[in-house]
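The values are calculated or read from the model by the stated rules, or taken from the named source; none is laboratory data. Just so we're clear, the structure is a prediction, and the values are computed from it rather than from any experiment. Quick reminder, even Gly has a Cβ in these numbers, built from the backbone with ideal geometry, and neighbours come from all protein chains shown. For accessibility, only protein heavy atoms count, side chains too; no ligands or nucleic acids. Shrake-Rupley method; radii C 1.70, N 1.55, O 1.52, S 1.80 Å.
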Amino acid sequence: MDEPCSVNSPRRVLSFSKNRRANVSFPDPNNRASSSSGFGVSGDHGPKPSEVYGFVGSITTVVATVIFIIWAYVPDCWLHSIGIYYYPSRYWALAMPTYVMVTIVLAIGFYIGLNFMATPPPTSLSTMFDEFSREQLSGIPSIDNDEQPIEPISDIGIDQINGIMFDNLTMNPA
C-alpha cells in the first residue's frame, strides 16, 4: 500500500487502478491462423456454462409446462389411447400450484419478518452512529470574509435534521 491512510475511500481505490498498466492487444490482420475456422473466435471455445444452463433451463420449463397442461386438461380416454395409464390424480393439478404460491408468499413474509427483527429500533444509537461516522468540525477559519472554504464531509446530527424539517411547522389545526 502506497498511502498510509486508514480510510477506505474511492480516491484510494482509483490510485491503485492508475498504477496498473493497460494490456491491450489487437488482432493481426495478416495472421491466417486465427481466421482458419472462418470465425473470429478467441482463445475460449464453446458457449459459456451460464448460457448452457439457461438454455437447458428454458427447454426444461417449456417441456414441463406442456406435460402439465396435457395431464391437467386432456381427458383420461385420450391418455389411455396413447398408452399412458399411470399418472397422478387431477387433484394435484390444482393443489400443486396452490401449494407453491402459498409457499412463496410465506417465504416472502418470513424474509420481511427476519429483516424487521434484525433491524435495530429507531431509538437505537447504532442507527445514527457507527465506526465510520464523522463529527462536524466547528469553527473553520475563513481566509477572506466573503469566501468560505468547503467544509469537509461529515454526518449531520438528527437534531439538526429535525430542526430543518420541523421547526417551521405551525401547530394550527385546520
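Kindly establish whether Phe26 is under 30 Å from Arg134 (Cα atoms), of a type in the set (Phe, Trp, Tyr) and at pLDDT below 75. Break it down into steps so the answer makes sense when it comes.
Working: under 30 Å from Arg134 (Cα atoms): no; of a type in the set (Phe, Trp, Tyr): yes; at pLDDT below 75: yes.
In short, no.
Could you please let me know if Gly83 is free of Cβ contacts under 8 Å to residues at least 24 places away in the same chain and at positive phi? Can you show your working first?
Numbers: free of Cβ contacts under 8 Å to residues at least 24 places away in the same chain: yes; at positive phi: yes.
Spelling it out, Gly83 is indeed free of Cβ contacts under 8 Å to residues at least 24 places away in the same chain and at positive phi.
Could you list, in sequence order, all residues of the stretch 113-141 that are open to solvent by 100 Å² or more (accessible area, probe 1.4 Å) and assigned to a helix (DSSP H, G or I)? Break it down stepwise before answering.
From the stretch 113-141, those open to solvent by 100 Å² or more (accessible area, probe 1.4 Å) are 116-117, 122-123, 125, 129, 131-132, 134-135, 137-138, 141; that's our starting set.
Once the filter is applied, which keeps residues that are open to solvent by 100 Å² or more (accessible area, probe 1.4 Å) and assigned to a helix (DSSP H, G or I), the stretch 113-141 yields Phe116, Met117, Leu125.
Quick test of your reading of the structure: Ile82 fulfils all but one of (1) at pLDDT 80 or above; (2) open to solvent by less than 80 Å² (accessible area, probe 1.4 Å). Name the failing condition by number.
Of (1) at pLDDT 80 or above; (2) open to solvent by less than 80 Å² (accessible area, probe 1.4 Å), only one is false for Ile82: (2).
Checking the conditions here, which among Phe110, Phe68, Phe55 is at pLDDT 90 or above, loosely packed, with under 11 Cβ neighbours inside 10 Å and assigned to a helix (DSSP H, G or I)? Outline the logic, then answer.
Values: Phe68 fails: loosely packed, with under 11 Cβ neighbours inside 10 Å; Phe55 fails: loosely packed, with under 11 Cβ neighbours inside 10 Å.
That would be Phe110, the only listed residue that is at pLDDT 90 or above, loosely packed, with under 11 Cβ neighbours inside 10 Å and assigned to a helix (DSSP H, G or I).
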